[in-house]
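One structure is given here, and the rest of the page talks about it.
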Amino acid sequence: MMEKILITMTTLLLLSGCGNKKEDSARETMKYSLQGAWTLRHVKYPMGAEEDYDLKGSGTSCLIYEGDSVLYGCRIASTPSGLVILPMAKAAVTLIDKGGSELLYLENDDPHPLTISDSTITIQRNGALYSYIRADGIYWEWGTEIRDIIARDIDNGGDNEASRYMLSARERQQEKTIHWFSIFTVLIVFAALLAVRLAIINRRAKRQLLLQLQQIREVQENRPQAVRQVVATVENEFFTSSDYAALQRRMASGQLMKEQDWQQVEQHLKTLYPGFTSQLRSLYPMSELEYQTCLLIKLRIAPKDIAAVLARDMSTISTVRSRLYKKVFGHKGGTKEWDDFILTMGA
């Protein structure tokens, strides 16, 4: 039993050790990455002289690395208007680990001793030690733009002093604001044009509808007396018939209408007023409630009975009628005005 415990503990210790070695190896690998932006902070010369640098005034040197293989170098300074850069060089770099924390840095095959920490790199050139600090803010905000400017300037054989570039945060923000404002303006204009177009379409549809109504009135007013008498006779026969009396009793009882019942109502109306239902459909894209209300009005069913048959309150039926009048004629009207209009249609 003791032997099994010892074997288990030994295995766990070995696995833990392997894990720690892997973590240490990962940390070492990460520690040697040049990726990012670095700005020159301090120089120590061979004779003992030292000098500090920052972004103010004439500025400082900035190195931007793509991985550990490409270097973009420039001089960079902070001004009230933003950052100013002066492209300097683009170079191929190689980082060689010589072991024992000793690194060799090749810049266009020119070797330099190098040390790296999480926030500082020190490069030895001609006996002087150049210490750079990480500049994550510059890298994330301006890295891509600076690399593009340097690459373009070098490719074009730019003259250093004549190739200064302003990187203005204020201007960038203004560009973004202008960009979104332009999009917003286009959307507003599009919405306005769409609203105007719909208004024109609605106005044309309303004009066409009024013209149709006027034509209906003219046809009715110009009917010969003989035709009027025939229509009146047909109406009188229907509204005094036993079928209509049965329909009224059913309406008064409040029985709900089935599909076949509505079909019968439409058939009665087509017999009495052949053009009524088509004219009604052409007025406005009505809901089922609106359409059925109009059918019952045409059959001279009392509003209270309409409400009972359609299982609605009287107030709802009144609202439907007045709302239909406004939709069709474009202005407010009462329930009686709508009822009178329906009763004259197709007569």
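Structure values in brief
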read-out: Amide N proximity, region 99-130 versus Lys44 label position 7 Å along Cα-to-Cβ, cut-off under 16 Å; value: 113-117, 120-130
read-out: Radius of gyration and maximum dimension Dmax of region 259-347, Cα, Å; value: 12.2, 36
read-out: Nearest-0.05 FRET efficiency for Thr177 and Asp110, computed from C-beta distance (R0 51 Å); value: 0.65
read-out: Förster-model FRET efficiency, 45 Å R0, Asp118 and Val189, C-beta, rounded to 0.05; value: 0.30
read-out: Region 235-288-region 51-114 distance, computed between alpha-carbon centres (Å); value: 90 Å
read-out: Efficiency of FRET between Ser58 and Ala92 - r from beta-carbon atoms, R0 41 angstrom, step 0.05; value: 0.90
read-out: Relative contact order (percent, whole number), region 223-344, Cα cutoff 8 Å, 6+ residue spacing; value: 23 percent
read-out: Count, lysine Cα pairs under 25 Å in region 223-344, 8 or more residues apart or across chains; value: 17
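We did not get these values from a lab; they are worked out from the coordinates using the rules stated. Predicted model only: the values in this text are computed from it and were never measured. Note: ideal-geometry Cβ built from the backbone for every residue, glycine included; neighbour counts use all protein chains shown.
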